[in-house]
Amino acid sequence: RMPAGAEMLFDGHDLSKWTGDHLDQWTVHDGVVTTGARVYNFLKTKESFGDAQIHVEFREPEQPNPPINPQYWGNSGVFPMGLYEVQILDNYKNETYPDGMVGSIYSQFPPLVNAARPAGVWQCFDITFHAPHFSGNTVTQPARMTVMLNGVKVQDNVALIGATVHGKVGVYAPHAAELPLALQDHGNPDSHVSFRNIWVK
């Protein structure tokens, strides 16, 4: 249930509050928005946010013949400020590197526990995000995140090392105090991830 004062970003009807370079890749059907899984791209909110409580419900694609690469099992992500990734992946019966599994701060912090549900079942992230603070080029306060996956705490107020970068440790670069929230379309054909009930406070 959405708390008082929260803003519904996707209620199942349309993407009027979103934009992106490949908006046509995302489909809305039966109250759900799903990635095209063809082109690596991001769906971004038109509005910008700093400190925020973020609620995202997602569903992994069922895969009778899952790919060899464990990172292709429904890979997506939730990016507060479009920069700091909470990983989405089907890890119900799929092992991958710890800081690349569902509920990880990607390439930085593995989840405290694997709270994944099976593919085809709706799951839920509740993310408390604190934006970083800068003085000139210096980080005076790192970004921090607490993440609940399916009601289980998987990140406990962790101080992020920097922005998310694949394959190496990210660094901070000064940016605006508020930036759009982004959802990732990983672009590989095994990652038709669906979303519903996205709100922010």
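The values are calculated or read from the model by the stated rules, or taken from the named source; none is laboratory data. Note that this is a predicted model, so its numbers are computed, not measured. Cβ placement follows ideal geometry from the backbone for every residue including glycine, while neighbour counts extend to all protein chains displayed. The protein model used for the area step is the full one, side chains on, heavy atoms only, and it has no ligands, DNA or RNA in it. Shrake-Rupley method; radii C 1.70, N 1.55, O 1.52, S 1.80 Å.
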Q: Skip the ligands, DNA and RNA, and give the accessible area per residue of segment 1-125 with a 1.4 Å probe, whole Å².
A: 47 Å²
Q. Size of the dipole of segment 92-201 about the Cα centre, Lys and Arg at +1 and Asp and Glu at -1 on the beta carbon, nothing else charged, in debye to 20?
A. 160 debye
Q | Non-local Lys pairs in the chain, i.e. 8 or more apart or on different chains, that have alpha carbons under 22 Å apart | A | 7
Q) Relative to the Cα centre, what is the charge dipole magnitude of segment 9-73, using +1 at the beta carbon of each Lys and Arg, -1 at the beta carbon of each Asp and Glu, and rounding to the nearest 20 debye? A) 180 debye
Q: Evaluate the relative contact order of the chain (contact order divided by residue number), counting alpha-carbon pairs under 8 angstrom at least 6 apart; express in whole percent.
A: 33 percent
Q.
With 19 Å as the cut-off, how large is the P(r) tail for the chain, expressed as percent of Cα-Cα pairs?
A. 57 percent
Q | Cα-centred dipole magnitude for segment 1-157, charges only on beta-carbon of K, R (+1) and D, E (-1), debye, nearest 20 | A | 180 debye
Q: Using only C-alpha atoms and all pairs of different ones, pull out the Kirkwood radius for segment 1-93 in Å with one decimal.
A: 14.9 Å
Q: Determine the share of segment 118-200's accessible area contributed by carbon and sulfur atoms, expressed in whole percent, with a 1.4 angstrom probe.
A: 55 percent
Q) Can you give me the pair-distance distribution of segment 45-137, C-alpha pairs, 5 Å bins, whole percents? A) 3, 13, 23, 23, 17, 11, 6, 3, 1, 0, 0
(Q) Within segment 44-98, what whole-number % of the accessible surface is contributed by carbon and sulfur, with the 1.4 Å probe and all protein chains included in the calculation? (A) 49 percent
Q. If you take the charge dipole of the chain about its Cα centre, with +1 on Lys and Arg Cβ and -1 on Asp and Glu Cβ, which of Val193, Pro111, Thr164 is farthest toward its positive end?
A. Pro111
